[in-house]
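Below is one structure, written out as structure tokens; comments come after it.
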Amino acid sequence: MKKQNIAKPGQMPSIPESCQDNAKTGLGKSPARGPVRSGAATASYWRERLYRNTYLDRHGQRRVVSGLYVRMHHDGSTRQVRLPYSERTAAAEEAARLYLLLREQGWHAITSRQERHPGSPSIDEYCEHYRAAAVSMERPPRDVSIRLYCRCLKQLCQLAEVRQIRHLNREAVERARDAYRQRARKERRPESAVQNTITKVIRNAKACFSREALAILARRGVKVENPFEGIRLTQEIQPVFALAGHVVDRIWRELPLLRDGDPEAGKQGVSQPEASVKKAAKAQGPRVDFRKPRPASYSAVLLALACGLRANEIDKGRWSWFGFDDKGECFLAIREERDFRPKGGSARILKVPRSVYDALAAARWDLSSPYLLGGAESASETVAVGESYRCPEALHYANAWLRLRGIEADKRSGNPLHRLRKQFGSALATEFGLFAAQKLLGHSSPTVTAKYYAAQTELPTLTHVRILG
């Protein structure tokens with residue numbers, strides 16, 4: 001039996017004699033396929049020859065690239081071939097397939113594929129690929145979500161000092177997490193806030209590597225793997241508490257003063273607790289004169305507390321969303337508009353008290369505007385995609401007014417209007433159950449409602465107790 005010429009691990013595969021003859025004579029750039037040497041067309045053969053490249057970062061530390069490479073020899077030339085997998089079994093199978101393709105069609109078949117399929121785009125280039133792929137998704141994310149995902153991906157790569165996607169791997173993600181923790185702890189931020197913030201950044205960046213997105217990118221020639229595979233995400237969930245009854249009562253009682261103007265606002269003689277609240281509110285921004293009527297801010301507070309609307313829904317809400325049935329009952333249909341798309345992509349309908357509609361109509365100050373808060377449509381691109389608001393001042397005044405009444409006053413970057421939305425969800429969950437709260441809040445999953453929005457506004461009266469004697 002003829003002895004097989006099998007290369008040892010670390011050696012280059014020997015050139016078949018037929019290829020050597022063609023190489024010497026120069027006949028043809030893509031020689032006809034000869035007999036495949038035993039083992040060279042199998043995955044196990046190439047598995048032993050896989051390797052990873054390394055590079056030095058700006059601090060002089062050596063980093064390992066996540067992708068795998070192999071060297072192949074053909075037609076008198078030895079070249080490095082990049083494989084689109086970081087898992088060794090899949091990479092070895094791809095190497096065996098490429099080796100057969102190399103023998104059949106020559107180097108052009110390999111190099112042209114690698115040119116068409118960039119395996120290492122920059123972070124900015126990958127974000128552009130993801131934006132283009134999102135259009136083809138079954139349920140494409142909103143533009144504001146795409147921008148958020150890409151912004152978090154860039155932030156994460158900056159923390160990890162990564163400039164190309166091929167350098168983004170599990171080790172780089174953990175390195176970014178460590179860098180963020182170290183920086184935030186130097187600023188003496190609360191530990192729960194540190195953990196929750198970096199977890200949100202990683203979760204949003206991970207969305208750029210969803211299965212659907214990677215499948216679309218692969219069909220378009222951009223083959224990358226999910227660098228977040230196996231990354232553990234932990235978040236400290238803050239318990240949801242309903243607002244105290246006297247706080248809610250005060251909001252309802254004093255809300256007309258926000259609409260019409262409070263002549264007593266800004267006068268001396270406030271109680272010490274309220275003075276400390278004002279001091280905290282003042283730190284959030286410039287002082288607001290609430291002696292002036294603020295009808296748009298009044299409507300914003302009313303829509304958040306009575307209807308549970310999000311800030312973007314309040315800002316883009318239209319009078320055409322309101323409707324009445326034959327019985328005169330009032331409904332609010334939150335639906336897509338030219339400058340607004342509901343979160344989650346689905347509309348929802350709320351049955352609201354007629355008194356809420358009448359109060360909003362009484363506070364309407366711009367009769368020519370189609371918006372509940374008044375004002376004209378904005379031509380800003382960031383407003384159209386939901387990244388900013390048409391009426392930022394009205395929302396700012398509403399939040400400042402709520403802080404003066406103790407809502408999120410002690411938080412560094414709280415959102416009082418959103419806190420009212422949680423109060424709305426808690427009231428629904430207490431009276432009608434979790435399912436009703438989920439649907440009327442517009443959540444895709446009851447898990448979100450239960451974790452962040454559902455708290456008991458009233459404790460049940462225990463009637464089963466019977467003390468005898």
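With neighbour counts taken as other beta-carbon atoms within 10 Å, the residues Phe209, Phe322, Phe241 rank, fewest first, as Phe241, Phe322, Phe209. The ranking of Tyr389, Tyr397 by Cβ neighbour count inside 10 Å, starting from the fewest, reads Tyr389, Tyr397.
Backbone amide hydrogens, once placed in the peptide plane, bring Val352 within less than 5 Å of Cys330, Phe331, Leu332, excluding anything fewer than 5 places away on its chain.
Computed across the range 123-219, the Kirkwood hydrodynamic radius from all distinct Cα-Cα pairs reaches 14.0 Å.
Structure note, pairs Lys206/Lys451; Lys206/Lys351; Lys186/Lys223; Lys351/Lys451: Cα-Cα distances above 27 angstrom occur for Lys206/Lys351; Lys186/Lys223.
With viscosity set to 1.002 mPa s and temperature to 20 °C, compute the Stokes-Einstein D of the range 325-380, Rh being the Kirkwood radius across alpha carbon pairs; µm²/s, no decimals. Here the translational diffusion coefficient equals 161 µm²/s.
Counting neighbouring beta carbons within 10 Å and listing from fewest to most, the residues Tyr357, Tyr126 come out as Tyr357, Tyr126.
Note on the range 410-437 and the range 149-221: Cα centroid distance 29 Å, given to the nearest whole angstrom.
Every number in this text was worked out from the coordinates using simple rules, so none of it is lab data. In this text, all values refer to a predicted model and were calculated from it rather than measured experimentally. As a convention, Cβ positions derive from the backbone with ideal geometry for all residues, glycine included, and neighbour counts pool all protein chains shown.
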